[in-house]
There are 4 protein chains.
Amino acid sequence: MKKRVAVVGATGIAGQQFLVALQDHPWFEVALLAASERSAGKSYAEAIRDPKTGARRWWCEEEPPQSMLPLPVHEASSLDLGGIDLVFTAVESGPARELEPVYAKTTPVVSTASAFRQEADVPLLIPGINMDHIAQIDTQKKNRDWQGYIVTQPNCTTIGLAITLRPLFDQFGLRKVIMTSMQGLSGAGRSPGVIGMDTIDNVIPFIAGEEEKVEKEGHKIFGRFEDGAIVPATFLVSATCTRVPVLEGHTEALLVSMDTPCSVEDVRAAMVGFGKEFIELGLPSSPQHMIIVHDDPFRPQPRLDRDAEDGMATSVGRLREDQTLENAVKYLLVSHNTKMGAAKGAVLTAEYLYQKGYV
Amino acid sequence: MKKRVAVVGATGIAGQQFLVALQDHPWFEVALLAASERSAGKSYAEAIRDPKTGARRWWCEEEPPQSMLPLPVHEASSLDLGGIDLVFTAVESGPARELEPVYAKTTPVVSTASAFRQEADVPLLIPGINMDHIAQIDTQKKNRDWQGYIVTQPNCTTIGLAITLRPLFDQFGLRKVIMTSMQGLSGAGRSPGVIGMDTIDNVIPFIAGEEEKVEKEGHKIFGRFEDGAIVPATFLVSATCTRVPVLEGHTEALLVSMDTPCSVEDVRAAMVGFGKEFIELGLPSSPQHMIIVHDDPFRPQPRLDRDAEDGMATSVGRLREDQTLENAVKYLLVSHNTKMGAAKGAVLTAEYLYQKGYV
Amino acid sequence: MKKRVAVVGATGIAGQQFLVALQDHPWFEVALLAASERSAGKSYAEAIRDPKTGARRWWCEEEPPQSMLPLPVHEASSLDLGGIDLVFTAVESGPARELEPVYAKTTPVVSTASAFRQEADVPLLIPGINMDHIAQIDTQKKNRDWQGYIVTQPNCTTIGLAITLRPLFDQFGLRKVIMTSMQGLSGAGRSPGVIGMDTIDNVIPFIAGEEEKVEKEGHKIFGRFEDGAIVPATFLVSATCTRVPVLEGHTEALLVSMDTPCSVEDVRAAMVGFGKEFIELGLPSSPQHMIIVHDDPFRPQPRLDRDAEDGMATSVGRLREDQTLENAVKYLLVSHNTKMGAAKGAVLTAEYLYQKGYV
Amino acid sequence: MKKRVAVVGATGIAGQQFLVALQDHPWFEVALLAASERSAGKSYAEAIRDPKTGARRWWCEEEPPQSMLPLPVHEASSLDLGGIDLVFTAVESGPARELEPVYAKTTPVVSTASAFRQEADVPLLIPGINMDHIAQIDTQKKNRDWQGYIVTQPNCTTIGLAITLRPLFDQFGLRKVIMTSMQGLSGAGRSPGVIGMDTIDNVIPFIAGEEEKVEKEGHKIFGRFEDGAIVPATFLVSATCTRVPVLEGHTEALLVSMDTPCSVEDVRAAMVGFGKEFIELGLPSSPQHMIIVHDDPFRPQPRLDRDAEDGMATSVGRLREDQTLENAVKYLLVSHNTKMGAAKGAVLTAEYLYQKGYV
């Protein structure tokens, strides 16, 4: 018997990515769709149709799962979670702050929203990176007297970053991380998201709130779980986040300074070997490699590499030493912001929770 | 009487930009066009026409100057410079290494090529940034027993960088400069330049040789002229250079660490006030502001800001403090890579040389 | 003394283009700005600033005229037109239907909206194409008992089309016009306009309502003014309108069948010679050539040709015969959809009205 | 035992698409790779590596088949076809004219080149459209005294066109076809293909030779096979071919006039039902639907629809009546120019030939 899951925010880009990630899933079955009042009461097929033009507002490369189209869309604010084992939320931060605690009273919630990421008893999880933090769940349930719980996922830009930093943190210690991102458009959502006229022959040098999230989330993710609480990591992060004319996939240019000397070869080996244990769990949405390292200096490119292992592997290239900071290397990465960086990453987290008995 | 100038490499993008920059110039008159053997013997109009398709291979936004179209194109390797006061070269490094010393025997050469940039007696000039380095010309003429001389211009990516660093170097001292560029396509030249299929929905994470140039050129540009030689500056530069789907204009994200503490307001004031003396020379191609500082966090954008003051001003935005390095600020800049960053910048240098009696 | 004009819808793309087109105008002075309730009461500088992010929402290549920034924005629905000689409206069809008749009670209105284009007594004008239709103004004023009047401008896609068809209509007679457009994004307006994610690596095959407008407007434009009314022309038009990843400029591929045989050379001569009389009026916003014909088969291209004569000339290329229809030729055109195709075209119409004593 | 096939021109875009199309093929096995002298003697992995930069020059979305990388690349002009059952050629027209007759002396050749398309005894095949033309093979072998033969595939732009026209031709008769294409970049090949600077914010209004091919090829494809020869069809085709900033996928806007009256519903039904017999052959590379008809007016879009049924189905939308021509309808189509439009289409043809005993 599959676990019955709800997807809240099912009509947005991230929600659509959830439906794709959950299609034919061996353990989970989408039993309930929810969205805002505007969509409530319609079938899913109707809810993603533009009422004025008749166009289908579907944003994934994959076609919408046929089985979802006739399902009714319920209103997120008055959801009956009877018989639901798990809720995935893919809504903005504002609604998440209202809705998630209500759901968590009875049901586990895996959230891509930023609302509860920084609360002390809420795990901020990236699959394969800090799964020991799920121990916070017990504290959280006790603190809040909930039967369910909330676990969150970081910002999509943090995810590729943290995946590639984890082996460096573990083996060499992190001191300073300087990052410039060139982010794909899908991260901005769809309506209006980034305006078409801004995306042609252009770079947009600012994404509101993004740099602060990236600079902060790493500390919690790399924090040590001690005495029921997270002791945040202390390395410094400096982020500049820009938007480029790329559909999907975030490219990030990194300069990382470490505690101990390490050669490019050391770093390469640490990245290539990273994540074996997690991969061996054999979770259905897991990549076969957490990090793919390219030697071709023209890789990674977002169009060529974002879909590596169905968007679940992070691609690294141009590994080279740097003399500007101590024990430093530079590299670029490409990460799929709406697969591992959002919905499918959250599904992978849920698979882990299920395997550990939390669902 | 205007000075008679030659443009060598007149059919390439940079050469075309020279013709635009010199159109109706008050002091200079294009008297001689030269290019490779393939174009020699044709009229300029013919030389820029694709023989197979009949298409005009012209790459500037401005139309080609009508007066240039009937001019004959001479072969660069056997040029008669009789009656020519100044040569502008816009060729690749290989040909430049052969051709420029031949021209310089008799005639001043202002070059956008990289061939002689690092020679000890050759000035590496950016207009308004290190004009005192023209004193090297005398050494060079004596060393080489030339009647003319060679002055060079740095890589286009270095130019915007150095312009914005100059006021920081002067007022606060530079320690470390960490830069990620998102460069426009025109910098790669035209045939084939960047292949169309690589530029859609993509970022190219590597530009061969570019990072080394950027990391090295700053030291010479900011060097102190002492006892007839340049003592290079010693700050550290770390560059990551990428190509994005932008036609013209280089965007650069910077993190700069300085010797002395300075607030964002200090840096802003230093940039806004920078270059008054040079601007007051009133040179024909000079911008009215060396640096334009934006407060709108969504600026600068390459499409909106590359043409500021006809591509001769560098636009800066998102000035903010940074805790990762000592006395550090971050900002982004946009610089026009084929105006101030190439041909028109070289014309401005030539105007300075003329005013100082070197032409 | 300049005529005092109002711009209604001043904060949208078309409104902004009006401010650019009217900057330093020799005959007109912008004395009043109006927009929707949301902007009313703010200065223009504030009104075009995004309240959330602080970004300036300005969409023209040219900078906003400095003199406009401090002007107050009034509410369009309660405008005091005392002392105003002429109103330019750049609003959607819905508001235009409400607002324009109110303004026209007292004041001439030149409109880019579609609301009144098809009313029998309202001229549908393209500068240089059917200026004799201004005779409808007298009928209109009498019919409606207005002191002012409304004149309209067709859809931007119709404008380039009609300009190139006029000499063919006059010299050879039109039978059938088959057109496929590849339109720039700016025609869709700004918020949201075309969504960024739709514009990368894509063509959008549908623009709601556009084809109907194009198929209908030509009949009125080419109609004969007889006994105080327009007798519509009867040629057939078939349009397919698509959106391509181009910022500004509409490209249109045409197949035109005519009444009388005509060679490519005849058509070329008709186009090149077209519009002399109108150009000789010397109106301030007039192009020097209504139509520019290219022989280079790779022209016209929207990026290279949209700005011809500041966006007021229509560029034609690839003129060739066609055997599919009778007396047929094919060609492509590029027309600037927000210059001649919208605001600056409307200003040129207003200049004509002024010269003829209608303002 | 699988048939052993050679791929000639294996390093170009079309050749790479062949390797992808033949990966894990149930009937064919790639036993021989060939390319020009420049690549001969290298391994395939080396041959697709840029010697200067080390970059991999691979152009398909799919990764290169691992089993191909170590294979040696032979020189196309001195190929030993012993043990080879079938040759796929993916070279330019010039080399094809030299090479293909040499190969055909001993071995069947399926060609994507244009060299022999118009020869009287050479079939010009589109899978599922005119397979009865393979009867020409016998004539050809006899005429030329070859053991093998050449069959050709039309231009990629013709393929989507002819697939959608076939049911109309069969059921209603074709009179006139007026087509404007908006073609993807991959059709231009890779080096240089379309230059990056031409593809941003632009449309290129001309593709040399393309319109002539489209206008001509249809007559042969729809010709009647009679007394050992093709009697060409006589409908008229008028084509305008443009290039737009789209990576893969050709979009075509069509106006089709037919012999007999037919409603949009008739046309829709004819298209939806088309190709059943061919599909039922169950060939490995066959789509499940030859034509997919969309009701959403915003479809087909090249990015969303080019990959329908792995690029083997042609997508149609915006079916509507037209009054300009007799018995006319309009529609748009999207066809994958390097899947059904090139390599994988040729593989499908080869599968048919194999099933019919011609390989």
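A simple spin-label model places the labels of B:Lys356 and B:Thr106 2.6 nm from each other, with each point 7 Å out along Cα-to-Cβ. Gyration tensor analysis over the Cα atoms of region D:225-274 returns equivalent ellipsoid semi-axes of 26, 21, 13 Å (largest first, whole Å). Compactness check for the protein assembly as shown: Cα Rg over 2.2 N^0.38 Å is 0.95.
By the count of neighbouring beta-carbon atoms within 10 Å, fewest first, D:Val359, C:Val7 end up ordered D:Val359, C:Val7. Sparse packing (at most 12 other Cβ atoms within 10 Å of the Cβ) combined with a DSSP loop state is found for the following trypsin sites (Lys or Arg not before Pro) in region A:28-89: A:Arg38, A:Lys52. When each of the peptides D:93-103, B:73-83, A:282-292 is scored by the mean number of other C-beta atoms lying within 10 Å of its residues, the order from highest to lowest reads A:282-292, D:93-103, B:73-83.
What number results when the radius of gyration of region D:1-121, computed over Cα atoms, is divided by 2.2 N^0.38 Å?
On the way: Rg = 13.9 Å, N = 121, 2.2 N^0.38 = 13.6 Å.
That works out to 1.02 for region D:1-121.
Ignoring lysines fewer than eight residues from D:Lys344 along the same chain, the ones with Cα atoms less than 19 angstrom from its Cα are D:Lys2, D:Lys3, D:Lys356. Counting charges near A:Asn327 (Lys, Arg +1; Asp, Glu -1) among other residues having Cβ under 13 Å from its Cβ returns a value of -2.
Backbone phi angles across region A:321-333, fed through the Karplus curve with coefficients 6.51, -1.76 and 1.60 (θ = phi - 60°), yield HN-Hα couplings of 6, 9, 9, 6, 10, 6, 6, 10, 10, 10, 6, 10, 9 Hz in residue order; Gly and Pro are listed as x. Distances between equivalent label points of D:Pro297 across the copies, with each point positioned 7 Å along Cα→Cβ, amount to 3.6, 3.9, 5.2 nm, shortest listed first.
Each other copy places its own label point for D:Glu37 at 1.8, 7.6, 7.8 nm from this one, sorted shortest first, where the point lies 7 Å along the Cα-to-beta carbon line. For chain D, the longest principal axis of the C-alpha atoms and the axis of helix D:343-355 are separated by about 90°.
For region D:49-71, list residues with backbone N below 19 Å from a point placed 7 Å from the Cα of A:Arg320 toward its Cβ? D:50-56, by backbone N distance to the label point. Per residue, the convex hull around the alpha carbon atoms of region A:170-257 comes to 114 Å³. When only Cα pairs below 8 angstrom with a gap of at least 6 residues are kept, region B:211-359 shows a relative contact order of 24 percent. Taking chain D as the reference, fit the longest principal axis to its C-alpha atoms, fit the long axis of helix D:210-221 to the helix C-alpha atoms, and give the angle between the two in degrees, 0 to 90, nearest 10. Helix D:210-221 sits at roughly 80 degrees to that axis.
Think of chain D as having a plus end and a minus end, set by charges on the Cβ of Lys, Arg, Asp and Glu; of D:Met258, D:Cys156, D:Gly82, D:Gly82 sits farthest toward the positive end of this dipole. Note on region C:79-132: the C-alpha convex hull projects to 4.2 nm² when averaged across all orientations. Within region D:229-359, the proportion of Cα pairs with more than 24 Å between them is 38 percent. With its label point put 7 Å out from Cα toward Cβ, D:Gly54 sits 4.3, 4.7, 5.5 nm from the same residue's point in the other copies, in order from shortest. Rounded to the nearest 20 debye, the dipole size of region D:156-335 about its Cα centre is 200 debye, using +1 on the Cβ of Lys and Arg and -1 on the Cβ of Asp and Glu. Taking amide H as placed 1.01 Å from N in the peptide plane, D:Leu247 has its amide H under 5 Å from the amide H of D:Leu185, each at least 5 places away in sequence or on another chain. Here the scattering of region C:156-335 is modelled by Debye summation over its C-alpha atoms, one equal scatterer each and no solvent; at q = 0.13, 0.15 Å⁻¹ the log10 of I(q)/I(0) is -0.68, -0.90. Using a cutoff of 8 angstrom between alpha carbon atoms and counting only pairs six or more residues apart, the relative contact order for chain C works out to 16 percent. Between D:Gln301, D:Gln171, D:Gln17, the Gaussian network model of chain D with springs among Cα atoms under 10 angstrom shows the greatest mean-square fluctuation at D:Gln171. The HN-Hα couplings worked out from phi for region D:105-111 by the Karplus form 6.51 cos²θ - 1.76 cosθ + 1.60 (θ = phi - 60°) are 4, 10, 9, x, 10, 10, 10 Hz, whole numbers, x standing for Gly and Pro.
Taking the Cα centre of chain A as origin and assigning +1 to Lys and Arg Cβ atoms and -1 to Asp and Glu Cβ atoms, the resulting dipole is close to 520 debye.
Straight-line reach from D:Lys52: taking Cα to Cα under 25 Å and skipping same-chain neighbours fewer than 8 places apart, the lysines in range are A:Lys330, B:Lys213, B:Lys216, D:Lys42. Region D:234-275: which GluC sites (Glu not before Pro) are DSSP loop and have at most 11 other beta-carbon atoms within 10 angstrom? When the GluC sites (Glu not before Pro) of region D:234-275 are filtered for loop state and at most 11 Cβ neighbours within 10 Å, nothing remains. Partner shielding of A:55-62 amounts to 3, given as the average count of beta-carbon atoms from other chains within 10 Å of each residue beta-carbon. Each Lys and Arg adds +1 at its Cβ and each Asp and Glu adds -1 at its Cβ; summed about the Cα centre, region C:185-258 shows a dipole of about 80 debye. Close amide H contacts of C:Ser114 (hydrogens built in the peptide plane, cut-off under 5 Å, sequence separation of 5 or more or a different chain): C:Ser93. Report note on the peptides A:24-30, C:337-343: ranked by the mean count of other C-beta atoms within 10 Å, highest first, their order is C:337-343, A:24-30.
Look at the stretch C:292-301: the mean tally of other chain Cβ atoms within 10 Å of its residues' Cβ atoms is 5. With a 10 Å cut-off around each Cβ of B:229-239, the average count of Cβ atoms from other chains is 2. Computed 3J(HN,Hα) for region B:280-285, one whole-Hz value per residue from the Karplus formula 6.51 cos²θ - 1.76 cosθ + 1.60 where θ = phi - 60°, is 5, 5, x, 5, x, 9, glycine and proline marked x.
Values quoted throughout were computed directly from the atomic coordinates according to the rules given, and no laboratory measurement underlies them. Not measured: the values here are computed from a predicted model. Here Cβ is always computed from backbone atoms with ideal geometry, including for glycine, and neighbour counts include all displayed protein chains.
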